[in-house]
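Inspection log for the structure reproduced underneath, given as structure tokens.
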Amino acid sequence: MNFGHVSVMLAEVLEALDIKPNGSYLDCTLGGGGHARAIAEKLSVDGLIVGLDRDEDAISAATENLSGVTCDVKIVRGNFDELDKILDDSNVDKLDGIIFDLGVSSHQIDTAERGFSYMKDSPLDMRMDRRQRLTAYDVINTYDEARLAKIFSEYGEERFSKRIAAAICRARNLNPIATTGELVKIIDRHVPRTKNGGHPAKRIFQAVRIEVNGELEILASALKQAIKRLKIGGRLAVITFHSLEDRIVKETFKQSAQGCICPKNFPVCVCNHKAEIKILGKAKLPTDDETERNSRAKSAKLRVVEKIFDDANQ
């Protein structure tokens, strides 16, 4: 399978995870297996790499990509909000490192029939897991005007959200909106172009994709599960591609890195709350060389934390 996805910030991820040859590692967003393969190549026969993805195409591509490595490999089709159950079912306990590479893959965007791209005319779909029932068609054709506007505003940060939602509802009253091309034409007619703002459909497609796949509502929970599954000294690396994801990651890490949570007017700590992690520096950005070679890396940010306390051991 041609799963043409270039792994973003690969060298930085490998450095951040500080790979131990006999360690256990988890890739929560397996994709074509680029990050997982690079990790596996640093592992011995005693090492383990576990890969999760909800996209059947990714599972097939990653299985092929990871063939021939010497370490133990476990590949599971599932979503990262099921992380705890998947690891339990796989008889995996604590891990030395975990990677999340969030967002949509190049393969998903470039495969026209998946309906992720505003530049290719195809049926409205956008499901990362094609076993689920909700599609982009359902969102665009069944959500009421207020709900559409809210999604466009919150998930797409679109200032013309109400105007676009109203136009969609008028259009679908005549005929259902069945394809990405039809949706793009509606957006084009109602959103003014700006020099540096990019295509106006980009924000709407992002918003619909996030809604269809529940991307943001499960992220904080998945990160907390991941932190719990790290060994002391284990690392968690997360790559985000837009401000909504990054805000959730940053806030979740901040909460987990907080020690005492007593009210400020308490003279002494009585909560005994311990910080689970320490944040390893500021968010890293891709190099200029990488963004020139891979335009999809331009908005990437890498945040890394290290596990410092495990209440299960107390």
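Throughout, read-outs are computed from the coordinates displayed, never taken from laboratory work. Fair warning: this is a prediction, and the values are worked out from it, not measured in the lab. All Cβ positions, even for glycine, are placed from backbone atoms using ideal geometry, and neighbour counts span all protein chains on display.
Just the ratio, please: alpha-carbon radius of gyration of region 45-101 over 2.2 N^0.38 Å, N its number of residues.
Values: Rg = 11.3 Å, N = 57, 2.2 N^0.38 = 10.2 Å.
In units of the globular-protein estimate, region 45-101 measures up at 1.10.
For the chain, give the magnitude of the charge dipole about the Cα centre (Cβ charges: +1 Lys/Arg, -1 Asp/Glu; no others), in debye to the nearest 20.
My answer is approximately 1200 debye.
Starting from the amide H of Gly51, placed 1.01 Å from N in the peptide plane, find each other amide H under 5 Å away whose residue is 5 or more places distant or on another chain.
Those qualifying (amide H under 5 Å, at least 5 residues apart or on another chain) are Asp27, Lys74, Ile75, Val76.
Hey, which of these cross-link pairs are over 18 Å Cα-Cα: Lys94/Lys228; Lys254/Lys278; Lys162/Lys202; Lys74/Lys278? Present the calculation step by step, with values, prior to reporting the outcome.
Numbers: Lys94/Lys228 8 Å; Lys254/Lys278 9 Å; Lys162/Lys202 16 Å; Lys74/Lys278 29 Å.
Beyond 18 Å between Cα atoms: Lys74/Lys278.
Neighbour counts of other C-beta atoms within 10 Å: give me Val191, Val268, Val8, Val305 arranged from fewest to most. Mind dumping the intermediate values first?
Working: Val191 21, Val268 6, Val8 24, Val305 27.
Exposure proxy ranking, most exposed first: Val268, Val191, Val8, Val305.
Considering only the chain, what is the antiparallel percent among its DSSP beta bridges, to the nearest 5?
Details: 11 of 30 bridges.
Of all bridge pairs located within the chain, approximately 35 percent are antiparallel.
State the extension gain, in nm to one decimal, for the chain segment bounded by His190 and Asp93, taking 0.36 nm per residue of separation less the distance between their alpha-carbons.
Values: separation 97, 0.36 × 97 = 34.92 nm, distance 5.21 nm.
Answer, rounded to one decimal: 29.7 nm.
In Å and on Cα atoms, what radius of gyration and Dmax does region 199-245 show?
Looking at region 199-245, its Cα Rg and Dmax stand at 14.1, 45 Å.
Which of the trypsin sites (Lys or Arg not before Pro) found in region 217-286 are loop residues per DSSP with 14 or fewer other Cβ atoms within 10 Å of their Cβ? Could the numbers behind the result be given before it?
Details: sites: Lys224, Lys228, Arg229, Lys231, Arg235, Arg247, Lys250, Lys254, Lys264, Lys274, Lys278, Lys282, Lys284; in loops: Lys264, Lys274, Lys282.
When the trypsin sites (Lys or Arg not before Pro) of region 217-286 are filtered for loop state and at most 14 Cβ neighbours within 10 Å, Lys264, Lys274, Lys282 remain.
Would you mind getting me the FRET efficiency between Glu15 and Asp72? Use the beta-carbon distance for r and R0 = 30 Å, nearest 0.05.
Working: r = 23 Å, r/R0 = 0.78.
E between Glu15 and Asp72, to the nearest 0.05, is 0.80.
Place +1 on the Cβ of every Lys and Arg and -1 on the Cβ of every Asp and Glu in region 31-110, take the dipole about the Cα centre, and give the residue among Ile99, Gly47, Ile75 whose Cα lies farthest towards its positive end.
Farthest along the dipole direction, towards plus: Gly47.
Tell me which aspartates and glutamates have Cα within less than 12 Å of Lys20's Cα, excluding those fewer than 8 residues away on the same chain?
Glu41, Asp46, Asp96
Calculate one ³J(HN,Hα) per residue across region 140-147 by plugging θ = phi - 60° into the Karplus curve 6.51 cos²θ - 1.76 cosθ + 1.60, and present them in order as whole Hz with x for glycine and proline.
Taking θ as phi minus 60°, the curve returns 5, 9, 10, 6, 6, 4, 5, 5 Hz for region 140-147.
In region 107-178, which GluC sites (Glu not before Pro) are in a loop and have at most 15 other Cβ atoms within 10 Å, using DSSP for the loop call? The partial results should precede the final answer.
Numbers: sites: Glu113, Glu145, Glu154, Glu157, Glu158; in loops: Glu157, Glu158.
Here the GluC sites (Glu not before Pro) that fit, given the DSSP loop and packing criteria, are Glu157.
I'd like the Karplus ³J(HN,Hα) series for region 177-184: coefficients 6.51, -1.76, 1.60, θ = phi - 60°, whole numbers in Hz, and an x wherever there's a Gly or Pro.
Along region 177-184, the couplings run 8, 9, 10, 4, x, 5, 5, 4 Hz.
With a bin width of 5 angstrom, please list the P(r) values of region 111-213 as percents of all Cα-Cα pairs, from the 0 bin to the one holding the largest distance.
Computed distribution, short to long bins: 2, 14, 26, 29, 19, 8, 2, 0.
Could you tell me the center-to-center distance, by alpha carbons, between region 10-84 and region 89-122 in angstrom?
Using only Cα atoms to place each centre, the spacing works out to 13 Å.
In debye, nearest 20: dipole of region 123-252 around its Cα centre with unit charges on the Cβ of K, R (+) and D, E (-)?
Details: 25 positive and 16 negative charges, 54 e Å.
Charge dipole of region 123-252: 260 debye, to the nearest 20.
I'd like to know which of Ser122, Asn272, Ser153 lies farthest towards the positive end of the charge dipole of the chain, counting +1 on Cβ of Lys and Arg and -1 on Cβ of Asp and Glu.
Ser153
Quick one: length gained pulling Ser106 to Asp138 fully straight, 0.36 nm per residue minus the C-alpha distance? Before the final figure, lay out the partial values.
Details: separation 32, 0.36 × 32 = 11.52 nm, distance 2.37 nm.
Full-extension gain reported as 9.1 nm.
Mind pulling the per residue volume of the convex hull built on the Cα atoms of region 43-183? Å³ is fine. Provide the component values of the computation, followed by the final result.
Details: hull volume 18.9 nm³, N = 141.
Here the figure is 134 Å³ per residue.
Order these by the 10 Å Cβ neighbour count, fewest first: Cys269, Cys260. Present the calculation step by step, with values, prior to reporting the outcome.
Values: Cys269 11, Cys260 15.
Lowest count first: Cys269, Cys260.
Counting pairs of alpha carbon atoms under 8 Å apart in space and at least six apart in sequence, what relative contact order in percent does the chain give? Intermediate results must be reported in sequence, preceding the final value.
Working: 567 pairs, mean separation 52.4, N = 314.
Relative contact order of the chain: 17 percent.
Calculated from the structure, Rg and Dmax of the Cα atoms in Å equals which of (i) 19.2, 57; (ii) 24.9, 78; (iii) 20.9, 67?
(iii)
As a footprinting exposure proxy, order Cys169, Cys262, Cys271 by other Cβ within 10 Å, with the fewest listed first.
Working: Cys169 17, Cys262 14, Cys271 11.
Arranged by neighbour count, lowest to highest, Cys169, Cys262, Cys271 become Cys271, Cys262, Cys169.
Return the sequence-ordered ³J(HN,Hα) values of region 218-231 in whole Hz as given by the Karplus equation 6.51 cos²θ - 1.76 cosθ + 1.60 applied to θ = phi - 60°, using x for Gly and Pro.
9, 5, 4, 4, 5, 5, 5, 4, 4, 4, 4, 7, 7, 6
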